[in-house]
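The values are calculated or read from the model by the stated rules, or taken from the named source; none is laboratory data. Quantities reported herein were computed from a predicted structural model and do not represent experimental measurements. Heads up, the Cβs are rebuilt from the backbone with ideal geometry, glycines too, and the neighbour counts pull from every protein chain shown.
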Amino acid sequence: MAKRLQCDLLEVSIHPTRQGMGQAAGQAFLKALETRLKSKDHVRAIFAAAPSQAEFLHFLCQQKQIDWRRVIAFHMDEYLGLPADSEASFGHFLGKHLFDQLPFGEVHYIDPAHDKPTEELQYYTNLLREEPIDLVAMGIGENGHIAFNDPPVADFNDPEWVKIVALDEVCRQQQVNDGAFSSLSAVPTHAITLTIPALMSADQIVCIVPGPTKQLAVKNTLEGTITTACPASILRRHKAAALFLDEAAAALLKKGYST
């Protein structure tokens, strides 16, 4: 049975297993999607690319009853300068684990190899701003980042929706820890990311965070002050955000929850 707590506006559930966490997050996302499809022609959703999302994405891929042709998909960040077909790219990850598995109506990838990156920023910004964002599915990094908004560059009031950022060393090392790159020197130093205001504009957010390497980030998100020192702490101010954890990720939390 999941344990639950409320942290400011953020609903938090802690699940005995990583598999159970992913399924619960998937069910919440699916419910939100189905609700919106009853009253809207299409739904616009943003997805994160990371091993932490694996169980959640696997659950979604089994949901063939959904009319995915009415879902317009975006992804939230991408390394700058990688070839578009690089297996380390986030676009490749989402294609393999989600976008190529379901008949989405539209999938909009960030182009990491655009000749003029500033044009790519404007192009993707325009796509995002065409209509409101309905859903975001995301994780939290080891340094508390959301998307590639690391503590040194995170801005809760960023005027931009898409920008180029330098990645801090903790973030880059996480990519090695996740198995995406063989060494720190192989990890790109810059990326294109959706900003915090872009993510927070979504009508609903589902955040999935498993594993022992995320314990401190989770603790800072829920028990620290709301600050860009832990960018994910801003989720506590979203009107409809839910955080799904497994026991390993929640290990450092105070036991102020109910079952």
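Out of all the residues in region 97-117, is one or more more than 26 Å from HIS238 (Cα to Cα), of a type in the set (Gly, Ala, Ser) and in contact with a Lys or Arg (Cβ under 9 Å, 6 or more places away or on another chain)? Checked region 97-117: at least one residue is more than 26 Å from HIS238 (Cα to Cα), of a type in the set (Gly, Ala, Ser) and in contact with a Lys or Arg (Cβ under 9 Å, 6 or more places away or on another chain).
Taking the listed residues VAL162, VAL176, VAL187, VAL153, the one that is more than 16 Å from the chain's Cα centre (by Cα) and closer than 22 Å to TYR109 by Cβ is VAL187, with no other qualifying.
Of the residues in region 149-170, none is without any contact (Cβ under 8 Å) to a residue 40 or more places away in the chain, closer than 24 Å to ALA251 by Cβ and crowded, with 21+ Cβ neighbours inside 10 Å.
Tell me whether region 197-216 contains one or more residues that are of a type in the set (D, E, K, R), surrounded by fewer than 24 Cβ atoms within 10 Å (Cβ to Cβ) and over 19 Å from ALA88 (Cβ atoms).
Of all residues in region 197-216, those of a type in the set (D, E, K, R) come to 203, 214.
Of the ones still in play, those that are also surrounded by fewer than 24 Cβ atoms within 10 Å (Cβ to Cβ) are 203.
From what is left, the residues that are over 19 Å from ALA88 (Cβ atoms) are 203.
Yes, that holds for at least one residue.
Scanning region 121-147 for residues that are in contact with a strand residue (DSSP E or B) (Cβ under 7 Å, 6 or more places away or on another chain) and either without any contact (Cβ under 8 Å) to a residue 12 or more places away in the chain or not in a loop (DSSP other than H, G, I, E, B) (or both) returns LEU121, TYR124, THR125, LEU127, LEU128, LEU135, VAL136, ALA137, MET138, ILE146. Take the residues in region 176-187 that are surrounded by 13 or more Cβ atoms within 10 Å (Cβ to Cβ) and over 15 Å from GLY211 (Cα atoms), then tell me which one is modelled with the lowest pLDDT. Ranking the candidates gives ALA180 first. In region 199-206 there is at least one residue matching the filter, namely being more than 24 Å from ASP246 (Cβ to Cβ) and charged (D, E, K, R).
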